[in-house]
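Below is one structure, written out as structure tokens, with a few remarks after it.
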């Protein structure tokens, strides 16, 4: 059970990390395009 | 033990295990056969039945030649592991091309081999014609090849293997994977598949829902979701439609695929570590650091360069057309949101140069991605800093330098040297590819773009790859994709083994004649 929970948390951590990175790139792209 | 290895010749060992991998692949053809049955595609079903029969016969023949390997339980040595991996990929390229040839969507066997190698190596360049009218079974086969190729054909065979084989680790390393997640290879390969299958379920579901939202019919949405996931996760670049990712006209679809291919380009060791609770690994690992830094710089430079030329009018179109393509190139995926010639006509030399650099860098080691890998870039960069620091500090105060990749590892000269050697091999392969392109009259920037795409197993095209391109270029691109994916050593071992065999034959015939 603990292993399953760790896997689910790990999967969400990876998805969230990648989403944050994509969001960061989008924000900087917006700054450059407006500049 | 030594007696056993000597009793069974290397040829028999190589033949037996190559036959085993071929038989596993023949078994896989049942999936497109079932697909053809479900969708009542009788011609396609016949194509796959014929192909399966041929592959089974070849597999049985190869395994039969080396049958004494099983009887004597002969050990696999390092040289066998490398040669088996390289030879299996070559034999499978020909066998898996048969359904393509029989489908009538391909103009020659060479083109079919090109497409299969492109799939296996997760490159994504296509010579198949009229993709939009391909049978569902053949589409299933194309995307399966790229999905399985991403994890590795030998990895698949080792996973299916009933019991652990002595020396299996040597087979596993032969396919350019060297990470041990658990002490035994079978366990490691099963973890690799487990991670991929969990993501397959999550990713396909996300793309299916999005497909329904953007207006696809339920069955069609499911198939598109499955195919696009397989391509994205394996950083492949194949798509069921000619227009590639542009067919969907959807920011959400593009964003989901982008997240999938970024995750697909990560090391399986990293996935496993994070799933084991070591979540800090995502920011501490030298590979993720290297990827985030280089991809961020590349995206921003390209956005800045193209914004000055007013190529794209707003943030959303810049994100969809520039960032998506740069990340797709960096992860060696090859999904393109612009038409091939737009790179040449709109992006200019600066944009093309950045794309060439990121395509060559590629994703992570022991992942589905190609290129010379972020790990090696990080090691060489840290090695350079280490050398500068050594120069500047006194001999007494010298310390050991480390890098973090799953665990802290010692950064010594041998690690930097081996990383540099692989990078040099990639650069030579890229250089020759560019030279051949220019020899046939293509512009330098276009030749470099396409050469980087095949060397790094990316799949983006600037318009050179087509059924009409010279046969020499097709053959070289096949070799470049093959060598780039197997990271040279296995292919060099195969060449050495064949050359050694020819030399022995020559010596024997000379002795016989004298």
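Read the figures in this text as sums done on the coordinates, not as results from a lab. Source: prediction; values computed, not measured. Here the Cβ is made from the backbone with ideal geometry for all residues, glycine too, and neighbour counts use every protein chain on show.
Using helices alone, I'd like the mean residue ellipticity at 222 nm for chain B: each DSSP H run of four-plus residues gives -39500 (n - 2.57), total over residue count, nearest 500.
Values: 25 runs with 350 residues, N = 514.
My calculation for chain B gives -22000 deg cm²/dmol from helical runs alone.
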Considering the protein assembly as shown, what Rg and Dmax in Å follow from its alpha-carbon atoms? 23.4, 82
Using alpha carbon centers only, chain A is separated from region B:300-317 by a whole-angstrom value of 23 Å
Counted neighbours (other Cβ, 10 Å), sorted fewest up, put A:28, B:283 in the order B:283, A:28
Which ordering of A:29, B:18 is given by a fewest-first count of other beta-carbon atoms within 10 Å? A:29, B:18
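If you rank B:105, B:143, B:404, B:249 by fewest surrounding Cβ atoms within 10 Å, what's the result?
Fewest-to-most Cβ neighbours within 10 Å comes out as B:249, B:404, B:105, B:143.
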For region B:421-466 and region B:177-210, compute the distance between their C-alpha centroids and round to whole Å. 31 Å
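Which value, to two decimals, describes the C-alpha radius of gyration of region B:268-384 once divided by 2.2 N^0.38 Å?
Relative to the 2.2 N^0.38 Å estimate, region B:268-384 comes out at 1.15.
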Could you tell me how many cubic angstrom of Cα convex hull volume region B:387-514 has per residue? 223 Å³
